[in-house]
There are 2 protein chains.
Amino acid sequence: MSPSSLASRDPRAALRLALAPRSIAVIGASDNAHKIGGRPLAYLVRFGYRGTVYPINPSRAEVQGVRCFTSLHDLPEVPDVAIVALAGDAAFAAVDECAQAGVALCIVMSSGFGEVDAAGKLREQAMTARARALGMRIVGPNSQGLANFGSGAVASFSTMFNEVEPLDGPVGIISQSGAMSVIPYGLLRARGIGVRHAHGTGNDCDVTVCELACVVAEDPELRLLLLYLEGIPDPWHLAEAARVARGRNLPIVALKAGRSAAGQAAALSHTGALANEDRTVDAFLAEHGIWRAQSMVDLVDTTQLYLMGWKPRGRRLVAISNSGAVCVLTADAASVANMPLEPLSDATQAELKAILPGFATTRNPVDLTAALLTNSGLFSAILPPIARDPSADAFLIGIAVAGTGYDVEAFARDTARFAAETGKPLVVAAPQLSVSDRFKALGLAVYPTEGEAVRALGQFLSHAELQQVVAVRDAQVALPVPCRPRVRRASILLDEAASLALLAARGVAVVRHTLCHSEVEARAAFEALVLLGVASVVVKGCTAEASHKSELGLVRVGLNAADAVAAGYREMQAAARNAGITLSGVIVAERVHGLRELMIGARFDAVFGPVVLVGDGGKYVEAMPDVQVLLPPFDAAHVERALRRLRIAPLLDGVRGEPALDVAAFCRCAVAVGALMNDADTDVTQLDINPLIVGARGAGCVAVDAVIYQEQP
Amino acid sequence: MSPSSLASRDPRAALRLALAPRSIAVIGASDNAHKIGGRPLAYLVRFGYRGTVYPINPSRAEVQGVRCFTSLHDLPEVPDVAIVALAGDAAFAAVDECAQAGVALCIVMSSGFGEVDAAGKLREQAMTARARALGMRIVGPNSQGLANFGSGAVASFSTMFNEVEPLDGPVGIISQSGAMSVIPYGLLRARGIGVRHAHGTGNDCDVTVCELACVVAEDPELRLLLLYLEGIPDPWHLAEAARVARGRNLPIVALKAGRSAAGQAAALSHTGALANEDRTVDAFLAEHGIWRAQSMVDLVDTTQLYLMGWKPRGRRLVAISNSGAVCVLTADAASVANMPLEPLSDATQAELKAILPGFATTRNPVDLTAALLTNSGLFSAILPPIARDPSADAFLIGIAVAGTGYDVEAFARDTARFAAETGKPLVVAAPQLSVSDRFKALGLAVYPTEGEAVRALGQFLSHAELQQVVAVRDAQVALPVPCRPRVRRASILLDEAASLALLAARGVAVVRHTLCHSEVEARAAFEALVLLGVASVVVKGCTAEASHKSELGLVRVGLNAADAVAAGYREMQAAARNAGITLSGVIVAERVHGLRELMIGARFDAVFGPVVLVGDGGKYVEAMPDVQVLLPPFDAAHVERALRRLRIAPLLDGVRGEPALDVAAFCRCAVAVGALMNDADTDVTQLDINPLIVGARGAGCVAVDAVIYQEQP
């Protein structure tokens, strides 16, 4: 089967092939191993690529000792992969030639395309279109290349592989940015960790980081996949990669840059990444079980923990040190990382007390004190009782100071045995290199300080919890693959009556109200509410010409007589004239009393599609936001989990003698809004229910105002 | 002058002497240089102590090659300092003998005192009392010792000085914990930084960390003082140390552990540190210009920045890198650290555009792109225009990847020249050791990643700002030295009327109200308020037997007729009977309408004395606290700065068309409360004004409820 026919059947086939191709042509091969056209050739030879390499350079018979060809047509076969390292128009022509010849995938290292200017972007689009038409995939342009140290297919020009010797291992790294594909590589290699994949994809004109991740995640020997992202233009690919990874218990940790406005501006100039709303990114990654690292340190500091094969069961930490101060700092750090230090059992403490001097503390943290200096055997003696204690999910061993006079070798050996026997996550904090090296040599996870150790452990445990939650969800319901959201037409504001009607039709409880077109109707509406037991009403101008009504004098609250309502009707008409807007009527609505004003909002994200916000309501939602993001589809349990993350979470259960809120009713409303937004044919583009007044448990909740935008027909 | 007469005149004199004594006796000197009694002797010899060392050990004629004495009385002179390295009762006796002999200061390394049990604590107190009576100061017991590499007086038994070669330098470290006095030493030495002082004070029975800091801060060659604290039992000493340090522009950075409940529990078992309320510690340290590090990494990561001699003028960061991704991550990190990236001037950008390829970005961050690989000269060329640009206060240079093909030597040289010429703070991020080593060799501050570099720089700049604020304050008013707060007698609750009267007498505006003792009085009080234009009143049971009234049915709101008020009166009586409490009367008070309910609280901290809290008010102050701490004395500007740090800060200026709050009126109330609490003879022990209803600017604010506890006479 020819490569191109492979590619035409399965768009991923060419990507798989690119990670372990049978043959690679280097178009623009250079004899200088430090040039872009020379380095991949040098690497392929040096790192043991077992396929065939075809240097192509019309002016040479041999390049770096390898027989060189004049052109693609002179090769004895069509190569699976071609690296294009030519400049300018020559690159464009070469890519075209490859596509014509039936090459499965081109890695275009040449720059001068979309990253330069609009003309370059057009050239890039044309190149992509021609390749697509012929079934050839493109990585790049402006790509640093793909490096697979498993197959030796190191089709990359990164300087880093000269600087830091590679070692095949269980970690994969994918990044648009060349630098960010190899900086983690360098930092991990410095920690002694092997890296198999280090791919820098460049402009992502065809193959993107996320699509490549779908294939890299299939690698059966991979145990951790790291991603650097500036934008996520194709969440469907990332969702697929995450699904593949979850199927194999392969964790994915992503560093998504452009969190801040300044970062988003920089990302736009760098990779042209359009700003994703950051909290939406958070919600998307969590939904798919991907951990979001906050910095490069986060990205690499936990890596060793993922490679230990631990199956953590909880977050309860037991800390052991020969320094009381390390115990205190560990307790502080554990508190920040939400890892409780529960007391060891009485039985364990009794055993420890029999071993340790009287002034040592045995509760947890366990402080061996400086007594360790005079008796190195204490360390070995206390571990077995602690290993048997049921109150530990994870351990920190802090060796504050050691050296001459201490049996550090034994501490390390005992710790390694303890870790192996308990099988529980264990981190070591040791600021001295002479100490940490001994522990590292036995495969333990060692950090300079307790703060770094606890932070990394906390992140690892949190990710394990997230993976567990997502696995339970996966077992119940298949997460729909996000589709490319359709482009929405321009939208128009509905008036309040229409907005409330739309919500009511979807099952959201709305305030009892009447849209009135005369004072008489307004009086009648009031009287009708009085008959239903309503004491006080709100009168509002109903208009599709303004979404913020109170600023325009279009709201009167707390009217409790028909005359006042009639006067209110007249006021609304006057206020509308003043503001130069047309009313579709005047709403007379029950004045609702509840326990708390909450809100539900919804938007369409250009990339992620429907997004629902739930949170505290009222007039300060912009000034003091307290909201959580939900990505439809979601259920009531989802909504409740989001509510429990709000600042106002304590109020849900009632404080200071107040009754609990009707959280269930709120969740039903939010689920209804989620379903509405997730309807493939919904024409709602934006929705704000604020306030949604929530009563006591069992008393329900009521939307008393709503602003909805709908696509123009 | 004998040491003891010195000490009797000035309690600090003995401490100064202890840092550079003319003679040191080692009581319990051991020939084994790895024992507690042997190591100080070995260190004194090895690290060039220029005074006289007197080993004392009745069973030897010579110890480690030094002539040994039988007892203190056999010495040719009274030593300035004696190290006591004996066990148990012998230690106690030796200390006593030193005091009798006129030794200025004893460093008691022996353990078995207060850290062990109550009996040990009593022995420690007796030892201290006897030494005090004779004018001798004690460091310890359970002290690791004092190490001064400037004078060579390394009277310490720390293992660390064997493990990591010392180098005298501009940093001082003081800690109760021995480990925490040398872990920063080790981490700083690994960064090539010299450390002069590394003192581990132990149980602090006499000399405390904070008192020792007063003397260490006088060292004219010290440029940074680091403290590790678990408790601050003597804030007056810390205030004095901070004052001495500020007088010499010596920054102090403190790692105060025991932030969390778990950490406080661990600190109590470790050093017996009583929990300080953490936010009070924050406020105290800030007031005195001391930066609070969050972790050991924070403590040491900024050290090199303090030693550069920079005088930062602002926080605007300019970032320069050969990687766009580093630019993006730097922008994100700068955003977290509150460091704006302002665009370079048009003129600068024009100059940069003339130098860099068209696709490089020049706005800020400046992305040199991979073009640096083909032209190392670009780096050198862009620095002069950037150096001239006025929009930079500080710089980050990120060298993402470099090595063969790059002129790293020139990058480092150019960066060093640029840093020297601008004199502005500059940090370098370089993940490769081969690159970072070149920059470090030229004295630049280098971090592995941009995240770490920006975090450290941000902390340094924030501390510089804090020091500036405190210097301005110092120039205006001398900060009073905190005194030992007196022990307060048991306190009793005042009823609301008495509480409001107390506040009114202090100038706090309180709600118009009358304390009534009959229905007739209640009706009259209502009518009187109506005459003043009040439409609606609140009726409350007034009692000194309960502080939370609404839960007991002792509050009725919104009454607007005399009959209703009379009925309210009867209700209060009934509710009081139900609750089994006695009323001192019923309050009829104006119902106040304002824009926001805020709160002012006040407490006496057992250590720090009066503490005032200002924040958002209402019934959820415990469930969703939004408060800031102020330490009296403070002025209105202080209060306003605290209000601007609240979550509700946006509301102060009015949002969504609301008027601004009367912040000035609130500040006056808070200042009045601060003055009340700071009165030496105040008998108020606790105070809560909640709500303090704040009106629009100019409309003032009114205390509508107050709970005050007062010492029993």
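The values are calculated or read from the model by the stated rules, or taken from the named source; none is laboratory data. What you are looking at is a predicted structure, and each value in this text was computed from that prediction instead of being measured. With ideal geometry, Cβ positions are generated from the backbone for all residues, glycine too; neighbour counts draw on all protein chains shown.
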Does region B:601-608 contain at least one residue that is more than 14 Å from chain A (Cβ to nearest Cβ), modelled with pLDDT of 95 or more, within 30 Å of residue B:481 (Cβ to Cβ) and surrounded by fewer than 21 Cβ atoms within 10 Å (Cβ to Cβ)? yes
Does region B:346-376 hold any residues that are surrounded by fewer than 20 Cβ atoms within 10 Å (Cβ to Cβ), within 12 Å of chain A (Cβ to nearest Cβ) and farther than 30 Å from residue A:37 by Cβ, and which are they? B:363
Exactly one of A:461, A:466, A:479, A:457 is buried (at least 16 other Cβ atoms within 10 Å of the Cβ) and in contact with a strand residue (DSSP E or B) (Cβ under 6 Å, 6 or more places away or on another chain), and that one is A:457
Condition check: over 29 Å from residue A:616 (Cα atoms) and surrounded by fewer than 19 Cβ atoms within 10 Å (Cβ to Cβ). Does residue A:493 satisfy that? no
Within region A:172-195, the residues that are closer than 14 Å to residue A:148 by Cβ and surrounded by fewer than 24 Cβ atoms within 10 Å (Cβ to Cβ) are A:194
Which one is farthest from residue A:49 (Cα to Cα), of the residues in region A:115-140 that are surrounded by 24 or more Cβ atoms within 10 Å (Cβ to Cβ) and charged (D, E, K, R)? A:124
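Give, as residue ranges, the strands (runs of 3 or more DSSP E) completely inside region B:555-621 that count at least 2 residues that are free of Cβ contacts under 8 Å to residues at least 24 places away in the same chain and not assigned by TED's automatic domain parsing to the domain that holds residue B:667. I'd like the intermediate steps shown before the answer.
Details: elements: B:555-559, B:585-590, B:596-605, B:609-616.
By residue number, B:555-559.
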For region A:125-157, the count of residues that are free of Cβ contacts under 8 Å to residues at least 60 places away in the same chain and within 14 Å of chain B (Cβ to nearest Cβ) equals 1
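Out of A:275, A:283, A:241, A:245, I need the residue that is small (Gly, Ala, Ser) and in contact with a Cys (Cβ under 8 Å, 6 or more places away or on another chain). Which one?
Working: A:275 fails: in contact with a Cys (Cβ under 8 Å, 6 or more places away or on another chain); A:283 fails: in contact with a Cys (Cβ under 8 Å, 6 or more places away or on another chain); A:245 fails: in contact with a Cys (Cβ under 8 Å, 6 or more places away or on another chain).
Just one listed residue meets the conditions, A:241.
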In region B:334-345, is there at least one residue being of a type in the set (Gly, Ala, Ser) and within 10 Å of chain A (Cβ to nearest Cβ)? yes
(1) within 42 Å of the chain's Cα centre (by Cα); (2) within 26 Å of residue B:264 (Cα to Cα); (3) in contact (Cβ under 8 Å) with a residue 12 or more places away in the chain all hold for residue A:355 apart from (1)
If we ask which residues in region A:322-345 are among the hydroxyl-bearing types (Ser, Thr, Tyr), within 35 Å of the chain's Cα centre (by Cα) and crowded, with 24+ Cβ neighbours inside 10 Å, their number turns out to be 1
Would you confirm whether any residue within region B:570-584 is modelled with pLDDT of 90 or more and closer than 23 Å to residue B:508 by Cα? yes
If I ask for residues that are touching a strand residue (DSSP E or B) at 6+ places or on another chain (Cβ under 9 Å), over 18 Å from residue A:149 (Cβ atoms) and surrounded by fewer than 19 Cβ atoms within 10 Å (Cβ to Cβ), which ones from region A:32-56 would you list? A:52
Can you confirm whether region B:264-283 contains a residue that is outside the structural domain of residue B:364 (by TED's automatic domain parsing) and closer than 17 Å to residue B:469 by Cβ? yes
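Rundown of residues vs (1) hydroxyl-bearing (Ser, Thr, Tyr); (2) within 22 Å of residue B:143 (Cβ to Cβ); (3) at pLDDT below 95, yes/no style:
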{"residue": "B:185", "(1), (2), (3)": "yes, yes, no"}
{"residue": "B:196", "(1), (2), (3)": "no, yes, no"}
{"residue": "B:221", "(1), (2), (3)": "no, no, no"}
{"residue": "B:233", "(1), (2), (3)": "no, yes, yes"}
{"residue": "B:238", "(1), (2), (3)": "no, yes, no"}
{"residue": "B:254", "(1), (2), (3)": "no, yes, no"}
{"residue": "B:261", "(1), (2), (3)": "no, no, yes"}
Just checking, how many residues over region A:256-270 are surrounded by 24 or more Cβ atoms within 10 Å (Cβ to Cβ), in contact with a strand residue (DSSP E or B) (Cβ under 9 Å, 6 or more places away or on another chain) and either touching a residue at least 60 places away in the same chain (Cβ under 8 Å) or within 7 Å of chain B (Cβ to nearest Cβ) (or both)? 4
Does region A:159-175 hold any residues that are within 11 Å of residue A:198 (Cα to Cα) and touching a residue at least 60 places away in the same chain (Cβ under 8 Å), and which are they? A:161, A:166, A:171
Considering residues that are out of contact with any strand residue (DSSP E or B) (no Cβ under 7 Å at 6 or more places or on another chain) and either surrounded by fewer than 21 Cβ atoms within 10 Å (Cβ to Cβ) or of a type outside the set (A, V, I, L, M, F, W, C) (or both), the number found within region B:57-108 is 23
Options B:151, B:143; residue that is buried (at least 24 other Cβ atoms within 10 Å of the Cβ) and polar (S, T, N, Q): B:143
Just checking, does region A:314-333 include any residue being in contact with a Lys or Arg (Cβ under 8 Å, 6 or more places away or on another chain) and within 14 Å of chain B (Cβ to nearest Cβ)? yes
I want to confirm something. Restricting to region B:166-217 and keeping residues that are out of contact with any Asp or Glu (no Cβ under 8 Å at 6 or more places or on another chain) and of a type in the set (Ser, Thr, Tyr), which single residue is nearest to the other protein chains (Cβ to nearest Cβ)? B:175
If I ask for residues that are in contact with a Lys or Arg (Cβ under 7 Å, 6 or more places away or on another chain) and either within 14 Å of chain B (Cβ to nearest Cβ) or closer than 21 Å to residue A:695 by Cβ (or both), which ones from region A:629-647 would you list? A:636
Given (1) among the hydrophobic types (A, V, I, L, M, F, W, C); (2) touching a Phe, Trp or Tyr at 6+ places or on another chain (Cβ under 9 Å); (3) crowded, with 16+ Cβ neighbours inside 10 Å, residue A:552 misses just (2)
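Let's see how each residue does on (1) assigned to a loop (DSSP other than H, G, I, E, B); (2) of a type outside the set (Val, Ile, Thr):
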{"residue": "B:26", "(1), (2)": "no, no"}
{"residue": "B:42", "(1), (2)": "no, yes"}
{"residue": "B:54", "(1), (2)": "no, yes"}
{"residue": "B:58", "(1), (2)": "yes, yes"}
{"residue": "B:73", "(1), (2)": "no, yes"}
{"residue": "B:77", "(1), (2)": "yes, yes"}
{"residue": "B:83", "(1), (2)": "no, no"}
{"residue": "B:90", "(1), (2)": "no, yes"}
Taking region A:392-440, which residues are away from every other protein chain (no Cβ under 12 Å) and in a loop (DSSP other than H, G, I, E, B)? A:392, A:393, A:407, A:423, A:424, A:425
Which of the residues that make up region B:533-550 are at pLDDT 95 or above and among the basic types (Lys, Arg)? B:540
